[in-house]
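Peer 1: To start, I am sharing the structure in question, which I have written as structure tokens.
The values are calculated or read from the model by the stated rules, or taken from the named source; none is laboratory data. Just so we're clear, the structure is a prediction, and the values are computed from it rather than from any experiment. Here the Cβ positions follow ideal geometry from the backbone for every residue, glycine too, while neighbour counts run over all protein chains shown. For accessibility, only protein heavy atoms count, side chains too; no ligands or nucleic acids. Shrake-Rupley method; radii C 1.70, N 1.55, O 1.52, S 1.80 Å.
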Amino acid sequence: LTGALTETLFAGFHPMGSSFGVLLISQVVGMSAAGLLGSAASAVGGAVNNLRYRLSVVGMGILATLFFDLVTNLMYPIAAKFSLTQTVVSLGMAVPFAVTHLVSNALVFSLLVVPILPKLKKAMGASS
């Protein structure tokens, strides 16, 4: 719910240009999956400084990014009624950007999210 609401606000009312129609829907679906995968990562359990937990957080972040990129990059050719060949070419052209997105998000999750988690859990009163 949080991912869907946040993406609706961000993508639907972005000052640099908002998304609309099926592209907005694909972005909301993609970000909703990020929330679900975040919940799945937290279900792994264990202390936040546990290596298995840390790897699950980074892994779920990578999966969320991959799903988001796939859904959003696939929606445009579908909406534009591209042929199968045009869709494959379109997705192929998106690969360098998707790889950049995956690598940057993996770094963000590894270097920022994982170290912040113990502080967040402590601030929320949860044991780590």
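Peer 1: For the stretch 1-126, what is the relative contact order in percent, using Cα pairs closer than 8 Å and at least 6 residues apart in sequence? Mind dumping the intermediate values first?
Peer 2: Details: 111 pairs, mean separation 30.7, N = 126.
That works out to 24 percent.
Peer 1: Percent of Cα-Cα pairs per 10 Å bin, from 0 to the last occupied bin, for the chain, please list those.
Peer 2: Using 10 Å bins, I get a P(r) of 13, 34, 33, 15, 4, 0 for the chain.
Peer 1: Right, here's the next one. Mind pulling the angle between the C-alpha long axis of helix 114-123 and the longest principal axis of the chain? Nearest 10 degrees, somewhere in 0 to 90.
Peer 2: Roughly 60 degrees, rounded to the nearest 10.
Peer 1: Here's another thing I want to ask about it. Mean residue ellipticity at 222 nm from the helices of the chain, using -39,500 (n - 2.57) per DSSP H segment of n ≥ 4 over the full residue count, to the nearest 500 deg cm²/dmol? Mind dumping the intermediate values first?
Peer 2: Values: 5 runs with 98 residues, N = 128.
Calculated at 222 nm, the ellipticity per residue is -26500 deg cm²/dmol.
Peer 1: What spacing in nm lies between the two simple spin-label points modelled at SER39 and THR100, each 7 Å away from Cα in the Cβ direction?
Peer 2: According to this spin-label approximation, the distance is 3.3 nm.
Peer 1: Tell me the per residue accessible area of the chain using a 1.4 Å probe; a whole number in Å² is fine.
Peer 2: On the way: 8320 Å² over 128 residues.
Dividing the accessible area of the chain by its residue count gives 65 Å².
Peer 1: Just the number, please: carbon plus sulfur as a percent of the accessible area of the stretch 62-128, 1.4 Å probe, no ligands or DNA/RNA counted. List each step's numbers first, then the result.
Peer 2: Values: 3570 of 4670 Å².
In the stretch 62-128, the share of accessible area belonging to carbon and sulfur is 76 percent.
Peer 1: Same structure again: Magnitude of the Cβ-charge dipole of the chain, K/R +1 and D/E -1, about the Cα centre, nearest 20 debye? Kindly include the intermediate steps, with their values, before the conclusion.
Peer 2: Details: 6 positive and 2 negative charges, 83 e Å.
Rounded to the nearest 20 debye, it is 400 debye.
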